[in-house]
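The structure appears below as structure tokens.
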Ligand code: SF4
């Protein structure tokens, strides 16, 4: 029925990816020591770090709270990542796949709410990518910007989706430690995943990536290396999730990632990446500290548009209820963080 795909990019992109990873590992020791101290900052030192990140965001004119409608349309996956509950080894998980007409209906609903950012998310589903073209075109015609986070796919599929109107693509590396990566992921290699990011950028996509803070086997120095990697890659979006053990994954028995280290990572991204319009989400893995994510330099939150009857079936970590579903929650975060929401959201229904 399906294979664990090894999707390749042209050789030049693989070479460039290897060079990028090598260069980031060879960064100056002084910078590594500075990042290490900042990741471990607590108390007053941590507050100063967060304030510096907010200042930079403000100076860049980045004072809006961006809202994306996050729609998880399929939990089928051909991979077996060790941290994920949707691994194909999980035979207990009930699988779902929304139809294009259902996706279009949800796009209509979120467009009516004034949301212009559509975030289409899925496992590494093996169904042919052609089926996504119509929903992407539909969203584009409504004036929405579409981001895809649907795994490592073929170069032909990337091109089709770009031509259909998708403008952003997210491929998280999760870690730039080869050892931790190889334990956590299947069906790819670290350099190959990075080569896909470079290839996507060459097609005109704005690219996003991300890491998991607290991934089993990861050290603070690995997180430092991740930061140095992003500083060299200069993606348009970066996320840092906190590791939460999913009970149906291989990493079920491992401890949660540290919240403060995760927040400090957010601040360091904001301070060190030279992109005024850098998007950093404050995600649900921060739990009740999503506001802190914004106070540490993030500028993006998700409105969860996945239908309630399937939302609990989409879970890479152990979250089964979303912290934030309502516009009223987003408005509250805007008020408390000082980040401004577009006028339309202020008027829209809860
Ligand atoms: S992390 Fe993504 S690719 Fe890996 S098993 Fe989960 S859904 Fe599949």
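No lab work stands behind these numbers, since they all come straight from the coordinates. Values in this document were obtained by computation on a predicted structure and should not be read as measured data. Here the Cβ positions follow ideal geometry from the backbone for every residue, glycine too, while neighbour counts run over all protein chains shown.
Structure data summary
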quantity: Sorted by Cβ neighbour density within 10 Å, fewest at the top, the residues 173, 194; calculated: 173, 194
quantity: Within a Gaussian network of the chain (alpha carbon springs, distance under 10 Å), most fluctuating of 244, 93, 263; calculated: 93
quantity: Mean shadow area of the chain over all directions, Cα convex hull, nm²; calculated: 16.2
quantity: Neighbour-count order for 138, 199, fewest beta carbons within 10 angstrom listed first; calculated: 138, 199
quantity: Fraction of antiparallel bridges per DSSP, the chain only, in percent to nearest 5; calculated: 5
quantity: Neighbour-count order for 268, 313, fewest beta carbons within 10 angstrom listed first; calculated: 313, 268
quantity: Estimated 222 nm signal from helices in the chain, with DSSP H stretches of n ≥ 4 weighted -39500 (n - 2.57), rounded to 500; calculated: -13000 deg cm²/dmol
quantity: Residue of 17, 111, 101 that the Gaussian network model of the chain assigns the largest fluctuation, springs spanning Cα pairs under 10 Å; calculated: 101
quantity: Model label zone, residue 309; criterion: amide N under 16 Å from point 7 Å along Cα-to-beta-carbon; scope segment 88-123; calculated: 94-106
